[in-house]
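Heads up: the structure comes next, in structure tokens.
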Amino acid sequence: MTWIKICGITNLEDAQAAVEAGADAVGFVFYEKSPRYIRPDVAREIVSALPELVEKVGVFVEGSGFQPVDIARQVGLTAIQNTMGSLPSAAEPPKMVVALAGFSRPPKLFLSFPAAWFFGGTEKIKELVERFSHLRRDISERPAKPEGLFDTFFLDSSSLQKPGGTGRVFDWEKAVWVADGMQERGFRLVVAGGLNPTNVAEAMRILKPWGVDVSSGVEARPGKKDPEKVRAFIAAVRQADRNL
């Protein structure tokens, strides 16, 4: 079944509604300029009340340094999602692995890229595939390799200035070759950006992603979820799973 993440959680009520509706993951935005920003101490209280099997994902922006690792430890996150404006350098993964060494169970590491970044031609996706493949080989040789490292990436309509919750979709048809190219090489695709209960099935039909990620599409207002929309979104994904 398709992995479902409800992002932009700011309170326990919304987190519990997402879990009860069948979400596999909830996301917390630690970007202070976002209307969905949540303080680490508040996120920690929410995380402590959620079932163990639910993925707790912290969303960060490139340039945060080791802040994601510090907050992951403080909050009890099970995954870190970093919004990227460029490919990670060869030096970044070893540093991150070292930083995660103190965890009894290191959080997974996800990378998020603006889909439009790849629309200019094939060079970007080739570079991304080559870099990811190199990083995965390098990290796989290290002890205590974090689970889920450089095998899952998000495509969305975000930017470094507005990392998530834009309410806009990107051109799914134009992204088919990007999705196919990554999936053929063993990478998992998560689609985000402007998804809602009425369009998620179409996105799944076109891109056949491993997962979907929604924020503004299930909100009553920025930072506050609408339980009915959350349930409708998850029901739409599960119906699309059956149809596909």
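The values are calculated or read from the model by the stated rules, or taken from the named source; none is laboratory data. These numbers come from a predicted model, not from an experiment. Here the Cβ positions follow ideal geometry from the backbone for every residue, glycine too, while neighbour counts run over all protein chains shown.
Structure values in brief
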quantity: The stretch 28-76: number of residues that are crowded, with 16+ Cβ neighbours inside 10 Å, within 20 Å of PHE103 (Cβ to Cβ) and among the aromatic types (Phe, Trp, Tyr); calculated: 3
quantity: LEU87 vs. criteria modelled with pLDDT under 90 and touching a Lys or Arg at 6+ places or on another chain (Cβ under 6 Å); calculated: yes
quantity: Spans of strands (runs of 3 or more DSSP E) in the stretch 158-244 with at least 1 residues within 24 Å of GLU62 (Cα to Cα) and at pLDDT below 95; calculated: 188-191
quantity: Test: VAL19 is within 24 Å of MET204 (Cα to Cα), touching a strand residue (DSSP E or B) at 6+ places or on another chain (Cβ under 9 Å), in a helix (DSSP H, G or I) and modelled with pLDDT of 95 or more; calculated: yes
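This table checks each residue for (1) of a type in the set (Gly, Ala, Ser); (2) without any contact (Cβ under 8 Å) to a residue 40 or more places away in the chain; (3) in contact with a Phe, Trp or Tyr (Cβ under 9 Å, 6 or more places away or on another chain).
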{"site": "ASP180", "(1), (2), (3)": "no, yes, no"}
{"site": "LEU195", "(1), (2), (3)": "no, yes, yes"}
{"site": "VAL212", "(1), (2), (3)": "no, no, yes"}
{"site": "VAL230", "(1), (2), (3)": "no, no, no"}
